[in-house]
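Q: Just passing along the structure, written as structure tokens.
The values are calculated or read from the model by the stated rules, or taken from the named source; none is laboratory data. All values reported here derive from a predicted model rather than from experimental measurement. Positions of Cβ are backbone-derived with ideal geometry, glycine not excepted, and every protein chain shown enters the neighbour counts.
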């Protein structure tokens, strides 16, 4: 059994350098001239921090001069070509060609030519490369599988059934992605079951894919991450671990900066785990990106979040008995106040929306969806004619941090 004080949120203090993206040539360098131990926008518990750090140490990626990584920015095909050339040393497989849209003075001309000749990237009809096009996730995986000469050993469609959105994978990409999946190149955050094949690949995602490709070809050591897809691989027997009563689960809510509810309403709410919850030995038991499903419920003098279910990023589900502190802060809504000022960056419970509509007289709010998708038209009459109403004001990123009320048994895989 682990004691409460020995548990913590966060991962090992690994920080990362960056893949550089911009309108000018990226700072993709082999020397550590921009080497740094931390980045302002990559925390130690960021899901891709270890991948980024390892690639930066190899000189595959480097940082912005301002010290940032910008992990969510898109990667273009030209930028990806430059990264591939830094990551893999491979002999020429085919003769170079001159792409019509890549002039000889283009910053990535040589990188594109080399990525083509060694088999990682190809062009489009009309002899075009589209160097400034944001590269989709499925193109990155196809490129890595083809460049490393991987082919699927199992049935392609059976392998792809692992992904809940497998139907969205393009026909040309299905076999290479099956091969990449078998080689554990695929990294899916925040939900390992969703590939999001047509989504633009971000800098963090590309870093994870490239590093896993290096691992698959025995050029790098494996990183322990719950977001690596492992289909058909030999995995150890799951180990049951008890998360003790009193453990804190840090959460966030990305949809709004504030939530307003009445003191007597119940509203469904889903929160995202903001940091890994780890054992004293460093094993991740609740990975960042997991979801906590529950409700905001009336409590003495205010409102309280009551958790009902924990859905891990790996897809595992557990019944969860956890709750936040009681929130008693209020915001007074008065007749004549602008509804725009009230609802800016705010999500309303059905009762709160009805209260705002009834007190301000702004009936348009009644046509909007509110927290949980409830309709509010029938509730407006309860507040019609009132000059003011006090609503519970919740900052979801600070007020809803919760603790587990009874021991929770989970499986480490």
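Q: Scan segment 189-234 for residues that are on the phi > 0 side of the Ramachandran plot and at pLDDT 90 or above and report the count.
A: Going through segment 189-234 one residue at a time, the tally reaches 1.
Q: Looking at 117, 156, 181 in this structure, which one is farther than 18 Å from residue 211 by Cα and either loosely packed, with under 13 Cβ neighbours inside 10 Å or under 30 Å from the mean Cα position of the chain (by Cα) (or both)?
A: 156
Q: Okay, next question. For segment 111-148, name all the residues that are out of contact with any helix residue (DSSP H, G or I) (no Cβ under 7 Å at 6 or more places or on another chain) and at positive phi.
A: Listed by number, the residues that qualify are 126, 127.
Q: At pLDDT 90 or above and farther than 30 Å from residue 340 by Cα: which single residue out of 237, 242, 248, 279 fits that description?
A: Matching residue, one of 237, 242, 248, 279: 248.
Q: Check every one of the helices (runs of 4 or more DSSP H) wholly within segment 301-413 and list those with 2 or more residues that are under 16 Å from residue 260 (Cβ atoms) and modelled with pLDDT under 80.
A: Of the helices (runs of 4 or more DSSP H) lying wholly inside segment 301-413, those with at least 2 residues that are under 16 Å from residue 260 (Cβ atoms) and modelled with pLDDT under 80 span 339-343, 350-360.
Q: Looking at (1) at pLDDT below 95; (2) at negative phi; (3) surrounded by fewer than 17 Cβ atoms within 10 Å (Cβ to Cβ), which one does residue 101 not meet, given that it meets all the others?
A: Every condition holds for residue 101 apart from (1).
Q: Just give me the residues in segment 282-291 being in a loop (DSSP other than H, G, I, E, B), at pLDDT below 85 and either in contact with a strand residue (DSSP E or B) (Cβ under 7 Å, 6 or more places away or on another chain) or within 16 Å of residue 317 (Cα to Cα) (or both), in sequence order.
A: The answer is 283, and nothing else.
Q: So, restricting to strands (runs of 3 or more DSSP E) that lie completely within segment 185-279, which ones have at least 1 residues that are surrounded by fewer than 18 Cβ atoms within 10 Å (Cβ to Cβ)?
A: 239-243, 267-273
Q: Same structure, new question: Restricting to segment 386-413, give me the number of residues that are within 14 Å of residue 310 (Cα to Cα) and surrounded by fewer than 18 Cβ atoms within 10 Å (Cβ to Cβ).
A: Within segment 386-413, residues that are within 14 Å of residue 310 (Cα to Cα) and surrounded by fewer than 18 Cβ atoms within 10 Å (Cβ to Cβ) number 6.
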